[in-house]
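Report on the structure given below.
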Amino acid sequence: MANQEATAAVQAKDDGDHALLCVRINNIAVAVGKEAKLYLFQAQEWLKLQQSSHGYSCSEKLSKAQLTMTMNQTEHNLTVSQIPSPQTWHVFYADKYTCQDDKENSQVEDIPFEMVLLNPDAEGNPFDHFSAGESGLHEFFFLLVLVYFVIACIYAQSLWQAIKKGGPMHMILKVLTTALLLQAGSALANYIHFSSYSKDGIGVPFMGSLAEFFDIASQIQMLYLLLSLCMGWTIVRMKKSQSRPLQWDSTPASTGIAVFIVMTQSVLLLWEQFEDTSHHSYHSHHNLAGILLIVLRICLALSLGCGLYQIITVERSTLKREFYITFAKGCILWFLCHPVLACISVIFSDYQRDKVITIGVILCQSVSMVILYRLFLSHSLYWEVSSLSSVTLPLTISSGHKSRPHF
């Protein structure tokens, strides 16, 4: 570490009292001999210092640190009280050789040290294990699980009866319900992980990984459902089959496209999860996989929107137009919520972005599922639209009929 600056970004969270910075040094003798120190800069102040045109020297830059800690004891405790709100700090190691060119003396021996930032809890004790970027997620997942439980108590029986008796919406409701159960499982696993994490600062990593797995499976289920629903509108138009109304049946072309897009999203989701090991189901596009996921969702939303717009503009039936518009709202909300929230999150502080995206996407996609449930549980509306339709509605594409391109 000698003759160079060792830096780490630390996120400090002040809940009204003081955060505690604890530093433990393993080789105190070498640290004292090298006059080792830690320099703490607030992120904005460090950025201003870097962009300054004054041309500060190495020692002048270090002298402008907001906090300085001399490494002359085995353990140091420093109270950080200058921060009214959570923000990023840059921590630099430096010794008497850092600003010199004497490389021979600087390479004596490294100084291993451990740094721990303890945030005060509601009672002022520094044992709140949640970072600034994680605060509030525990309570959010608790409320989400509670809402799922209440909804299940109210609607589970009627939904099960609707699925059990079959009918034109049988397959749609099965896939929708499976996706909903996976989302509920993801919320429950996240709640268990964060509940344990709040007590020991470790949590249950397996539950965090399980939550991500459930979320990925739910995303795949919904994508395949929406693509299968949209194929009859955006890719092919076909004559209605009177003998096989409202059945889950698609052409090889539409099925192939749906499977390809689903596989592409699956690979990107897994890639993003391996790139970002934090247990958040949605991330603020820090890597290539996240950016590609956002691009894919935007393309799907635009493709669906263009296809439905062409149909709605020429549709004369008010009933069918209302059906198309409602379905378009549910689909576009599902596809665009992540890209839009990723853009909106830029206005927030860095530590808040993942939290904003995670909570926002879960809420928006829940609203999207409610819209689709209400649409397809209305048997009379869907059946009447199908009866009046001159083209096949979603999930009624019959492979036994010829097709012609819609565009």
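Being at pLDDT 80 or above and over 23 Å from residue 135 (Cα atoms), is that true of even one residue in segment 8-24?
Yes, the conditions are met somewhere in segment 8-24.
Let's see how each residue does on (1) outside any helix (DSSP H, G or I); (2) free of Cβ contacts under 8 Å to residues at least 40 places away in the same chain; (3) outside the structural domain of residue 201 (by TED's automatic domain parsing):
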{"residue": "292", "(1), (2), (3)": "no, yes, no"}
{"residue": "316", "(1), (2), (3)": "yes, yes, no"}
{"residue": "319", "(1), (2), (3)": "no, no, no"}
{"residue": "322", "(1), (2), (3)": "no, yes, no"}
{"residue": "333", "(1), (2), (3)": "no, yes, no"}
{"residue": "340", "(1), (2), (3)": "no, yes, no"}
{"residue": "351", "(1), (2), (3)": "no, no, no"}
{"residue": "359", "(1), (2), (3)": "no, no, no"}
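Which residue pairs have Cβ atoms under 9 Å apart, sit 6 or more places apart or on different chains, and have a first residue in segment 256-268 that is surrounded by 12 or more Cβ atoms within 10 Å (Cβ to Cβ) and a second that is aromatic (Phe, Trp, Tyr)?
Note: pairs meeting the criteria are 258/224; 259/224; 261/224; 262/224.
Scan segment 189-200 and tell me whether some residue there is assigned by TED's automatic domain parsing to the domain that holds residue 328, at pLDDT 85 or above, outside any helix (DSSP H, G or I) and of a type in the set (A, V, I, L, M, F, W, C).
The answer is no; no qualifying residue exists.
Filter segment 194-216 down to residues that are out of contact with any Phe, Trp or Tyr (no Cβ under 9 Å at 6 or more places or on another chain) and either surrounded by fewer than 19 Cβ atoms within 10 Å (Cβ to Cβ) or among the charged types (D, E, K, R) (or both), then give me how many there are.
Residues flagged as out of contact with any Phe, Trp or Tyr (no Cβ under 9 Å at 6 or more places or on another chain) and either surrounded by fewer than 19 Cβ atoms within 10 Å (Cβ to Cβ) or among the charged types (D, E, K, R) (or both) within segment 194-216 amount to 9.
In this structure, does residue 58 turn out to be more than 32 Å from the chain's Cα centre (by Cα) and either of a type in the set (A, V, I, L, M, F, W, C) or at pLDDT 85 or above (or both)? Working first, answer last.
Details: more than 32 Å from the chain's Cα centre (by Cα): yes; either of a type in the set (A, V, I, L, M, F, W, C) or at pLDDT 85 or above (or both): yes.
For residue 58, the condition - more than 32 Å from the chain's Cα centre (by Cα) and either of a type in the set (A, V, I, L, M, F, W, C) or at pLDDT 85 or above (or both) - is met.
Among the residues that make up segment 172-186, is at least one of them hydroxyl-bearing (Ser, Thr, Tyr) and farther than 22 Å from residue 365 by Cα? Full working, then the answer.
Restricting attention to segment 172-186, the residues satisfying the condition of being hydroxyl-bearing (Ser, Thr, Tyr) are 177-178, 186.
Okay, now just the ones that are also farther than 22 Å from residue 365 by Cα, so none.
Checked against the condition, which is being hydroxyl-bearing (Ser, Thr, Tyr) and farther than 22 Å from residue 365 by Cα, segment 172-186 yields no hits at all.
Cβ-Cβ under 6 Å, sequence separation 6+ or interchain: first residue in segment 131-147 and within 22 Å of residue 201 (Cβ to Cβ), partner modelled with pLDDT under 80 and in a helix (DSSP H, G or I). Which pairs?
The qualifying pairs are 132/351; 133/351.
In segment 307-326, which residue that is in contact with a Phe, Trp or Tyr (Cβ under 9 Å, 6 or more places away or on another chain), within 16 Å of residue 371 (Cβ to Cβ) and of a type in the set (A, V, I, L, M, F, W, C) is surrounded by the fewest Cβ atoms within 10 Å (Cβ to Cβ)?
308
Given the options 356, 314, name the one that is of a type in the set (A, V, I, L, M, F, W, C), farther than 20 Å from residue 223 by Cβ and touching a Ser or Thr at 6+ places or on another chain (Cβ under 7 Å).
On the way: 314 fails: touching a Ser or Thr at 6+ places or on another chain (Cβ under 7 Å).
The conditions single out 356.
The values are calculated or read from the model by the stated rules, or taken from the named source; none is laboratory data. Computed from a predicted structure; not experimentally measured. Note that we place each Cβ from the backbone using ideal geometry, even for glycine, and neighbour counts take in every protein chain shown.
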